[in-house]
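Taken together, the values in this text are just the output of simple stated rules run on the coordinates, not laboratory data. Keep in mind that this is a model prediction, so the values were computed, not measured. We place every Cβ from the backbone using ideal geometry, glycine too, and count neighbours over all the protein chains shown.
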Amino acid sequence: MKKVLLLTDVNFWEDSSGHRARIKALIRYLSSRVCLTVINTGPAPESITGLLKEKYGAEFFVLENTKILSSAGYGRRLKKLLGDREFDSVIIEYIHSSYFLNYLNGDPQIILDAHDIISDRAEEFKKFNYAGALYEIPKETEFEILEVYDHVMVLCAPDHEKLAQVFGREKILLCPHPVASVHHHMRREVKKISYVASAYIPNRDAINEFITRCWPLISEEFPEVRLCIYGTICGAVAMQGFDNIMLKGFVPSLDHIYKEADIVINPIRFGAGLKIKNVEALAYGVPLVTTAHGARGLERGKNNAFLVADGPTAFVNAVKYLISNKNRRQALSDSAHTFIAETFSEKMCFEPLIKILTKGQ
């Protein structure tokens, strides 16, 4: 089997955000197909390596358990840990960790799991007055770094198309987040509208904008319907006196969340990449209302597997329409399952990657 090293500074074992779910899915997939070693920068509990090895069957290491080091510090730890070990391929999670390339042995195939185009994300944040809120990099510098890699993985088709036009289609790999369909009974009446999110800035903007500009109009017409909010986002929600908004906090079981939901919303206005929470909602067949930005990478399912609405008026109307129309909710649910099966199976998402990892095997 091919020997593959995955390097990350993300504490992916925690269940609190989409990017963590994506990395876990990738590790789970690779661990049964290649000889996988995963190295995390830390900090991390000392027990975590044994737990992860037992769960995934791969080799795990943490560079530093108790404190944060400089990039040079992590690089020296990596160099010492690797010794004279060499790998056929190395996958680096996120472009900001590219400094690890300076500490590898031999001449492995190097792959960046980019997730997003960082310079595009910075432009989106700037439009909503959040310039400088997250790691930023000029487009020219970002593309210079991408040039160094043999392959670059992205999560959604628009990013794939943009980068493929610059670097070529063989280099850029479209590898979205895989999910499996889960079927459940569609209730006749809508009682719960759900929102699931981390405390990521675009999520905070989305739910507070929704509560301010949309929820009063929905709640006035359908006072029996509750808005249930899940995840680390709850600490950043402005309740504004509504007694029909329920802050559920972090719930580790997506199964519990989505089986309780009658409609899922994601009124995201800016950000980058694929919205994994939308993919998960579709996998559970829950009627979803999102924005055009939230539909990036999901374009084939627009207004068939889910509804797209931009602006408060359109969003309110879409949610009201679904509350009042069980047949439409059921149709969306059925189409969502078909869409997920055809587009986001594990094979569809990761086959481009496994082909280059196992080439010549």
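The helix-only estimate of mean residue ellipticity at 222 nm for the chain, built from DSSP H runs of length n ≥ 4 each weighted as -39500 (n - 2.57), is -12000 deg cm²/dmol after division by the residue total. Calculated FRET efficiency, LYS355 to LEU69, Cβ-Cβ distance, R0 = 30 Å: about 0.30 to the nearest 0.05. From least to most packed, judged by other beta carbons within 10 angstrom and beginning with the fewest, HIS19, HIS183 follow the order HIS183, HIS19. Using the Cα coordinates of the stretch 192-343, the gyration tensor eigenvalues translate into equivalent-ellipsoid semi-axes of 21, 17, 15 Å, sorted from longest to shortest. Working note: Karplus 6.51/-1.76/1.60 with θ = phi - 60° gives the stretch 89-95 the couplings 9, 10, 10, 10, 7, 6, 5 Hz, where Gly and Pro are set to x. Averaging the Cα positions of each part gives two centres, and for the stretch 23-43 and the stretch 165-244 these lie 29 Å apart. Placing +1 on the Cβ of every Lys and Arg and -1 on the Cβ of every Asp and Glu, with nothing else charged, gives the stretch 11-110 a dipole about its Cα centre of roughly 120 debye.
Residues whose amide H comes within less than 5 Å of that of VAL38, counting only those at least five positions distant or on another chain, are LEU6, GLU59, PHE60, PHE61 (H built at 1.01 Å from N in the peptide plane). A simple spin-label model places pseudo-atoms 7 Å from Cα toward Cβ; at SER47 and ALA133 they are separated by 3.6 nm.
Normalised by the residues of the chain, what does the relative contact order come to in percent, with Cα pairs under 8 Å and at least six apart? It would help to have the intermediate numbers written out before the result.
Values: 653 pairs, mean separation 57.0, N = 361.
Answer for the chain is 16 percent.
Considering only the Cα atoms of the stretch 136-280, their convex hull presents on average a projected area of 11.0 nm².
The charge dipole of the stretch 192-343, taken about its Cα centre with unit charges on the Cβ atoms of Lys, Arg (+1), Asp and Glu (-1) only, comes to about 180 debye.
Listed from fewest to most Cβ neighbours within 10 Å, the set THR49, THR41 follows the order THR49, THR41.
When Rg and Dmax of the Cα atoms in Å is computed from the coordinates, the matching label among [x] 21.1, 68; [y] 20.2, 69; [z] 20.7, 63 is [x]. Short-range pairs are left out: with C-alpha atoms under 8 Å and at least six residues apart, the relative contact order of the stretch 67-195 is 18 percent. Taking N as the residue count of the stretch 276-335, its C-alpha radius of gyration divided by 2.2 N^0.38 Å amounts to 1.02. Descending by average beta-carbon neighbour count within 10 Å, the peptides 7-15, 121-129 line up as 7-15, 121-129, the highest first.
For GLN109, the residues 5 or more places off, or on other chains, whose built amide H falls under 5 Å of its own are SER89, VAL90.
Taking every DSSP beta bridge that has both ends in the chain, the antiparallel portion is near 0%. DSSP bridge analysis restricted to the stretch 192-343 gives an antiparallel fraction near 0%, rounded to the nearest 5. Using the Cβ-Cβ distance between LYS126 and GLU209 with R0 set to 22 Å, the FRET efficiency works out to roughly 0.80. Karplus-based coupling profile of the stretch 353-361, in residue order and whole Hz: 6, 5, 4, 7, 6, 9, 4, x, 6, with θ = phi - 60° in 6.51 cos²θ - 1.76 cosθ + 1.60 and x standing for Gly or Pro. Using C-alpha pairs below 8 Å separated by at least 6 residues, the relative contact order for the stretch 1-68 is 34 percent. Report the FRET efficiency, 1/(1 + (r/R0)^6), for TYR321 and GLN165, where r is their Cβ-Cβ distance and R0 is 35 Å, rounded to 0.05. That pair, TYR321 with GLN165, gives E of 0.40.
Here the Karplus relation 6.51 cos²θ - 1.76 cosθ + 1.60, evaluated at θ = phi - 60°, turns the backbone of the stretch 189-203 into coupling constants of 10, 7, 10, 10, 9, 10, 9, 10, 6, 7, 8, 3, 3, x, 5 Hz, with x for every Gly and Pro. Over the alpha-carbon set of the stretch 35-164, divide Rg by the Kirkwood Rh and report the Rg/Rh ratio to two decimals. The Rg/Rh ratio comes out at 1.00.
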